[in-house]
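A short write-up of the structure that comes next.
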Amino acid sequence: MTVLLIFLTACGTATAPIEFAPDGDIIQQAIRLQLRQRLNPLSQQLNTKHPQLEIGQINVKNLESIVVSELPTYHLQGTYNLKLILPRQQVNQKNNQFEIYLQRQAEGKTWRLLSKDNQKASEELSWKSYLITAQ
C-alpha cells in the first residue's frame with residue numbers, strides 16, 4: 001500500500017512552489033495589461049484616447065500553482081476596484097472579478113501574463129504569453 005501511495009504521489013501533476021507566487025505589484029500590472037488588451041480595440045474603434053486606469057483593493061480569493069512549459073505558473077482569481085479616468089468623467093467600479101495566469105520566467109526576474117489560445121483547434125491546450133513590464 002505504501003509503495004502504491006508513493007507511486008501515485010510521484011505521478012501527480014507538477015505544481016509550482018507557492019512561496020514564489022507573484023506579489024501585489026505584479027498582480028496589479030497583470031490586471032492592467034489584461035484590461036488594456038480589452039480596451040485598446042474599443043478605443044481605436046471609437047477613435048478616442050485610452051483611459052487612465054487605477055487599480056486598487058486587489059483581493060486574491062483563489063491561488064493555484066501549476067507548471068506550464070516547465071515553468072512555474074500561478075492561476076489567480078479574485079476581485080479588484082477600478083477607477084477609469086476619461087477626458088470628461090471618472091468611472092469607479094468596485095468588486096470587479098479577475099482571473100489571470102502568471103508565469104515566472106526561468107531567470108526569476110520577469111513575469112508573463114498567459115491566456116489560453118482559443119484559436120487552435122487541436123485538443124492540446126496552448127497559451128499566448130505577454131511580458132509584464134513596469135507601468
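The values are calculated or read from the model by the stated rules, or taken from the named source; none is laboratory data. Predicted model only: the values in this text are computed from it and were never measured. Virtual Cβ from ideal backbone geometry, glycine too; neighbours counted across all protein chains shown. All accessible areas refer to the heavy atoms of the entire protein, side chains included, with ligands and DNA or RNA removed. Shrake-Rupley method; radii C 1.70, N 1.55, O 1.52, S 1.80 Å.
For region 72-92: of the residues being surrounded by fewer than 13 Cβ atoms within 10 Å (Cβ to Cβ) and of a type in the set (S, T, N, Q), which is farthest from Ile26 (Cα to Cα)?
Checked region 72-92; the qualifying residue farthest from Ile26 (Cα to Cα) is Gln89.
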(message) Give me the residue from region 1-50 that is assigned to a loop (DSSP other than H, G, I, E, B), at pLDDT 90 or above and open to solvent by less than 50 Å² (accessible area, probe 1.4 Å) and, out of that set, nearest to Pro72 (Cα to Cα).
(response) Ala21
(message) Taking the criterion of being modelled with pLDDT of 95 or more and open to solvent by 70 Å² or more (accessible area, probe 1.4 Å), would at least one residue in region 100-121 satisfy it?
(response) no
